[in-house]
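Participant: Can you keep this structure in mind? I'll have questions shortly.
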Amino acid sequence: MKDLENLRILGKGKTALALKKRFPSAKLFDDNDFDVFDKSSEDLTIVSPGIPPHNKLVLNSKNISSDYDLFYDDIPFSIWISGTNGKTTTTQMCQHLLEKFNSCYGGNIGVPLSGLDKNKKIWILETSSFTLHYTQRAKPNIYILLPITEDHITWHGSFDEYKNAKLKPLLLMNENDVAIIPSEFKDFKTNAHTIYYSCSDDLCLHFNIDKNKIEFNEPFLLDAIMAIVARKIIFDDIDYDLINSYKIDKHKVEEFRDSKNRLWIDDSKATNYDATINALIPYKDKNIHIILGGDDKGASLEVLFENIKDLDIFVYAIGSNMRRVMNYCKEYNIKVMECQFLEIAVKNIDKNLKENSIGILSPAAASLDQFKSYAERGDEFKKFVNNLS
């Protein structure tokens, strides 16, 4: 791809800096540059995924696009993976199954699109709703859409706009492309070859997958099946031993025990209510002490409390939406304690946790109100637990 002399990039984060490395003459802008930003320019303007459509730079740009569009002509066979939860695990599982076929992965995780090896035969891309919002022409060969629940409402403005972004690739795909889509969107018009599912059993039946040979439980079972499906579509085979050898990342329903041999779970990656609901499935018959709260990104949390109200559960509320969490708990008659901070929550759980109970951090909210990342939040959680006497 030739250098684009007049390329403009909105943002100065990871994606923008990777693009600048690829196109040294490109100009980077953020909100601090608004006064010198040419608002009448017709130059191609690539928007970094984190910048929302209501940003003043975006509103004053005439020719905006995504890095997916910028590199589309050079992208090899590609698998895009999106949805609300499970994108990262599914992407990494796909790479685990396809690496020997000369694949690489990146996009929203790991290596930005501009840094991926164009000599690889398959690109596996974790694809965010932010990127899809700005994408105008790029499309995948295989689109895996995991279930969609309410998330990133502040960024998109509404749940409908969030869903529209997730469904956008279907408008651009053709009859040679394959889309794996939740059944609720069966009436959405697309030229792609579509396979719909309402649960993992639907996919197992369609692709002749033996679920009993897969050693993952929810919330990772669907992710594993999706990765198996991707390989089955391309190479028409299934490698159960290989998928079972995949190791789940830290901070995703990660079990560990304290000095008293009590079970704790670090699920800091649960940044929305759907992730928390799925994380609790294996423990629904236990006495649960859960830390909830953080930046909920404007999403409604009522579904979460409707799902947990009948469990044997005690909530420890923290973060910027602590009052909302407490109000929902009171509305649904769920025991709750005001903690505000993670360390205080851990210390209070310590007082109440029995040998057959679990203490879990699955906050149903992002971490940036109190931490640099969900990883830092998870590391701090484990540190506080391990420091208990």
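Participant: Restricting attention to strands (runs of 3 or more DSSP E) lying wholly within the stretch 178-289, give those where 1 or more residues are polar (S, T, N, Q) and open to solvent by 30 Å² or more (accessible area, probe 1.4 Å).
Facilitator: 193-197
Conditions tested, residue by residue: (1) in contact (Cβ under 8 Å) with a residue 60 or more places away in the chain; (2) closer than 23 Å to Lys118 by Cβ; (3) buried (at least 17 other Cβ atoms within 10 Å of the Cβ); (4) in contact with a Gly (Cβ under 8 Å, 6 or more places away or on another chain).
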| residue | (1), (2), (3), (4) |
| --- | --- |
| Gly13 | no, yes, no, yes |
| Ala18 | yes, yes, yes, yes |
| Pro24 | no, yes, no, no |
| Asp30 | no, no, yes, yes |
| Asp33 | no, no, no, no |
| Asp38 | no, no, no, no |
| Ser48 | no, yes, yes, yes |
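Conditions (1) crowded, with 22+ Cβ neighbours inside 10 Å; (2) in contact with a Gly (Cβ under 8 Å, 6 or more places away or on another chain); (3) closer than 25 Å to Pro219 by Cα, marked per residue:
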{"site": "Glu306", "(1), (2), (3)": "no, no, yes"}
{"site": "Tyr316", "(1), (2), (3)": "yes, no, yes"}
{"site": "Ser320", "(1), (2), (3)": "no, yes, no"}
{"site": "Arg323", "(1), (2), (3)": "no, no, no"}
{"site": "Met326", "(1), (2), (3)": "no, no, no"}
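Participant: Moving on. With Leu125, Leu116, Leu146 as the choices, which residue is touching a helix residue (DSSP H, G or I) at 6+ places or on another chain (Cβ under 8 Å) and under 25 Å from Lys21 (Cβ atoms)?
Facilitator: After ruling out the rest, the residue left standing is Leu125.
Participant: Regarding Asp67, is this residue surrounded by fewer than 20 Cβ atoms within 10 Å (Cβ to Cβ), more than 27 Å from Phe220 (Cα to Cα) and of a type in the set (Asp, Glu)?
Facilitator: Considered against the rule, which asks whether it is surrounded by fewer than 20 Cβ atoms within 10 Å (Cβ to Cβ), more than 27 Å from Phe220 (Cα to Cα) and of a type in the set (Asp, Glu), Asp67 comes out as no.
Participant: Give, as residue ranges, the strands (runs of 3 or more DSSP E) completely inside the stretch 70-177 that count at least 1 residues that are open to solvent by less than 30 Å² (accessible area, probe 1.4 Å) and without any contact (Cβ under 8 Å) to a residue 40 or more places away in the chain.
Facilitator: 103-107
Participant: Then there's this: Just to verify a result, which residue in the stretch 290-304, among those that are more than 15 Å from Ile360 (Cβ to Cβ) and among the aliphatic types (A, V, I, L, M), is most open to solvent (accessible area, probe 1.4 Å)?
Facilitator: My answer is Val303.
Participant: Conditions first: (1) part of a loop (DSSP other than H, G, I, E, B); (2) open to solvent by 30 Å² or more (accessible area, probe 1.4 Å); (3) in contact (Cβ under 8 Å) with a residue 24 or more places away in the chain. Pro363 passes all but one, so which condition is the exception?
Facilitator: (2)
Participant: Hey, Phe341 hits all of (1) open to solvent by 50 Å² or more (accessible area, probe 1.4 Å); (2) touching a strand residue (DSSP E or B) at 6+ places or on another chain (Cβ under 9 Å); (3) more than 18 Å from Thr271 (Cα to Cα) but one; which does it fall short on?
Facilitator: Status for Phe341: all satisfied but (3).
The values are calculated or read from the model by the stated rules, or taken from the named source; none is laboratory data. Everything quoted here is computed from the prediction, not taken from an experiment. Neighbour counts run over all protein chains shown; Cβ positions are idealised from the backbone, glycine included. Areas reflect the complete protein model, heavy atoms only, side chains present, ligands, DNA and RNA absent. Shrake-Rupley method; radii C 1.70, N 1.55, O 1.52, S 1.80 Å.
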